[in-house]
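The values are calculated or read from the model by the stated rules, or taken from the named source; none is laboratory data. As the structure is a prediction and not an experimental result, all values here were calculated from the model. With ideal geometry, Cβ positions are generated from the backbone for all residues, glycine too; neighbour counts draw on all protein chains shown.
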């Protein structure tokens, strides 16, 4: 355990960031899964819109790399396109 005040504060901040990042990552993974498991085009479209928003936010907040977000969005769009045919 840190003894210095600034180290204690850094530890608190790190713990808070870790929890926030975990929650956002979990929500992102769930949104991606909802698009992939959608059975109708309408379900997939709505889920894609939510997932796309979460991916953009995660990339903006450096939770994931922007290229990773773009790759996921592209692959999910292909899934939605396939369902709509």
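Residue pairs whose Cβ atoms lie under 8 Å apart, sitting 6 or more positions apart in sequence or on different chains, and linking a residue in region 41-55 that is within 16 Å of residue 71 (Cα to Cα) to a partner that is at pLDDT 95 or above and not in a helix (DSSP H, G or I), are 55/64. On inspection, residue 67 fails the criterion of being at pLDDT 95 or above, exposed (fewer than 10 other Cβ atoms within 10 Å of the Cβ) and on the phi > 0 side of the Ramachandran plot.
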